[in-house]
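Written below as structure tokens is the structure these notes are about.
The values are calculated or read from the model by the stated rules, or taken from the named source; none is laboratory data. These numbers were taken from a predicted model, which means no experiment stands behind them. So basically every Cβ, Gly included, is an ideal-geometry build from the backbone, and we count neighbours across all protein chains shown.
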Amino acid sequence: LGAIDENNQLTQLGGMLARLPIDPRIGRMVLAAREEGCLEEVLIIASALTVQDPRERPMDMQQAADEAHSKWRDENSDFVAYLHLWRWYEEKRAHLSTSQLRKACRTSFLSFVRMREWRDIYHQLKDVVGELPQVRERQRERPRGKSCRGQRPREKNLIQQTPARLLYPSGTSTP
């Protein structure tokens, strides 16, 4: 992860990872995403990975749940599916009352409580990452904060490969 140097001392990156309230491997993805210019998307994915899956699939209604969840599915990436689900929820949240949002979640086989927890963790991570300094060793030419939402194929590919690619960027070793 690059958190410890050859003398077993905490690196600048390691100090930043220690400040993040998530698993260090997921934190490493978040910090690398900041450098790569796709922080927004990776924050959504990282926070999703830290909560219990909000999609519900009751034994007696599995087919109905699968059909309801299909609107967020992405044939190439479970991570992109998280982005679809997040955007659906945020759109509903912006236009519905809390009780209407609860009902929309229930009819879509989503746990309202877990969706709220996901959102809370996302905002907590966003706040903490915003307070962290940039890592000096890996400055990028691409402007910070630029979304990699998919206007260009490279950016869509980045999102689809994000977790593994950002967890083990070039220059660090894989497990």
Single unsatisfied condition, R93 versus (1) at pLDDT 95 or above; (2) within 17 Å of I26 (Cβ to Cβ); (3) among the basic types (K, R): (2)
Search result, residues across segment 50-102 that are loosely packed, with under 14 Cβ neighbours inside 10 Å and either in contact with a His (Cβ under 7 Å, 6 or more places away or on another chain) or of a type in the set (S, T, N, Q) (or both): Q52, Q62, Q63, S70, N76, S97, T98, S99, Q100
Any hit, segment 53-61, residues being touching a residue at least 60 places away in the same chain (Cβ under 8 Å), in contact with a Leu (Cβ under 6 Å, 6 or more places away or on another chain) and not in a helix (DSSP H, G or I): yes
Members of segment 22-43 found to be crowded, with 23+ Cβ neighbours inside 10 Å and of a type in the set (A, V, I, L, M, F, W, C), listed by number: M29, V30, L31, A32, A33, C38, L39, V42
Some residue of segment 17-25 being touching a Gly at 6+ places or on another chain (Cβ under 6 Å) and free of Cβ contacts under 8 Å to residues at least 24 places away in the same chain: yes
